Each structure stands twice: as C-alpha cells, then as structure tokens.
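Novice: Take this structure, written in structure tokens, and hold onto it; I'll ask about it next.
The values are calculated or read from the model by the stated rules, or taken from the named source; none is laboratory data. Quick caveat, the model's predicted, so the values are computed rather than measured. Using ideal geometry, Cβ is built from the backbone for each residue, glycine included, and neighbour counts are taken over all protein chains shown. With ligands, DNA and RNA removed, areas are computed over all heavy atoms of the protein, side chains included. Shrake-Rupley method; radii C 1.70, N 1.55, O 1.52, S 1.80 Å.
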Amino acid sequence: MALLEILVYPDKRLRERAKPVEVFDDELKQLVKDMAETMYDAPGIGLAAIQVDVPKRVIVMDLSEERNDLKVFINPEIEAIEGKQEYEEGCLSVPGVFATVERIERVRIKALNVEGEPFEIEADGLLSVCIQHEVDHLDGKVFVDYLSRLKQDRVRKKMLKEIKESQAA
C-alpha cells in the first residue's frame, strides 16, 4: 500500500470530471487500498479518486469512530429522496477550512463495489452529506463552490498563500 498525494484547492485537476470505472481488476483494488490508507492517514472520513489525481469515479469513506468500516462506492449515482439539511463541512483538499453547506437530507445511492457488483443504499445525516460531498468531487466541484463569491475568494487566497509558504520552507 502507498500514501497518495492529495491535491489542494485551487488545483485545476480538482475541476476535472471523473470517468466511469469499466475494468474491475487488481489495479482498481490497489487504488482503493491506497486511497483508504491515504484517507486514514490524513485523517479524513472520505476521499474521491480525483483528489489523488486519478480521474475515476471511485470513493472511499469511513464514518466509524474505530476507523474499521470502510465503504467503497464505484460509479455512484445519487437520487434525492427528501429534505434539506445544513452541515459544517471540511475537505482534505481544502485543509483547515470549514463552512456550513446546505445538502439534501435523505438520498438513495446506486453504486458498484470493488468486484463490480451493484448495490443500493439509503442515507441520511453525515453519511448523506459525505456521499454528496465526494460525488461533487467526481463531478469537478469542491464544497467551497457552495459559498458566497467573497468567501470563495478568501479561501482561494488563503490556500494559495499556504501553498506558497510551504514551497518556500
């Protein structure tokens, strides 16, 4: 297993739309393992392949306290069921930034597992938010896109400043 580099906003590669997975092989299984290791190490609760510069529709997440309930969603599709909720979100690609975002409260997700077998779940609360957040990544969106233009500009400037400082060090 290997730790992968997480792209940092406003990296243009985060705006790329991920392509559906068509081959379910050992390479895909290794990607999922590496993404999980990277997510746990960061530490985070979700990671989309596009965040590690792999433009494939793959998500890993683990919302458990014990960090022992890895969920994998390949080629996920979201269907809104009901409601709206506000949740404070953060992102491994936007470190140190948190903001309240409005999301759908209850969703149905259709996806494939790492073997290519289809499954479907319904989610609410944090799981619903996390899935929507990660699917946004697969579609080239970052959670700061939901913020006002002023807040987006502040986050962008902050991240560019931090990148510049880390390169100088």
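Novice: Regarding residue 115, is this residue part of a strand (DSSP E or B) and over 16 Å from the mean Cα position of the chain (by Cα)?
Specialist: no
Novice: Could you list all residues from the range 99-140 that are touching a residue at least 40 places away in the same chain (Cβ under 8 Å), more than 23 Å from residue 32 (Cα to Cα) and among the β-branched types (Val, Ile, Thr)?
Specialist: 101
Novice: Does the range 95-114 hold any residues that are open to solvent by 60 Å² or more (accessible area, probe 1.4 Å) and in contact with a Ser or Thr (Cβ under 8 Å, 6 or more places away or on another chain), and which are they?
Specialist: 105, 106
Novice: Just the residues that are loosely packed, with under 15 Cβ neighbours inside 10 Å, among the acidic types (Asp, Glu) and outside any loop (DSSP other than H, G, I, E, B), please, taken from the range 1-35.
Specialist: Matches in the range 1-35: 26, 27.
Novice: Given the conditions (1) surrounded by fewer than 20 Cβ atoms within 10 Å (Cβ to Cβ); (2) part of a loop (DSSP other than H, G, I, E, B); (3) not charged (D, E, K, R), and given that residue 75 satisfies all but one, which numbered condition is not satisfied?
Specialist: Every condition holds for residue 75 apart from (2).
Novice: Starting from residues that are aliphatic (A, V, I, L, M) and surrounded by fewer than 18 Cβ atoms within 10 Å (Cβ to Cβ), keep the ones in the range 115-135 and report whichever is farthest from residue 153 (Cα to Cα).
Specialist: Restricting to residues being aliphatic (A, V, I, L, M) and surrounded by fewer than 18 Cβ atoms within 10 Å (Cβ to Cβ), the top hit is 121.
Novice: Okay, next question. Give me a count of the residues in the range 118-154 that are acidic (Asp, Glu) and in a loop (DSSP other than H, G, I, E, B).
Specialist: Qualifying residue count, the range 118-154: 1.
Novice: Mind checking which residues of the range 78-94 are surrounded by 14 or more Cβ atoms within 10 Å (Cβ to Cβ), of a type outside the set (Gly, Ala, Ser) and either closer than 18 Å to residue 138 by Cα or in contact with a helix residue (DSSP H, G or I) (Cβ under 8 Å, 6 or more places away or on another chain) (or both)?
Specialist: 78, 85, 87, 89, 91, 92, 94
Novice: Right, next: Give the residue, chosen from 22, 5, 27, that is acidic (Asp, Glu) and in contact with a helix residue (DSSP H, G or I) (Cβ under 7 Å, 6 or more places away or on another chain).
Specialist: Values: 22 fails: in contact with a helix residue (DSSP H, G or I) (Cβ under 7 Å, 6 or more places away or on another chain); 27 fails: in contact with a helix residue (DSSP H, G or I) (Cβ under 7 Å, 6 or more places away or on another chain).
After applying the criteria, what remains is 5.
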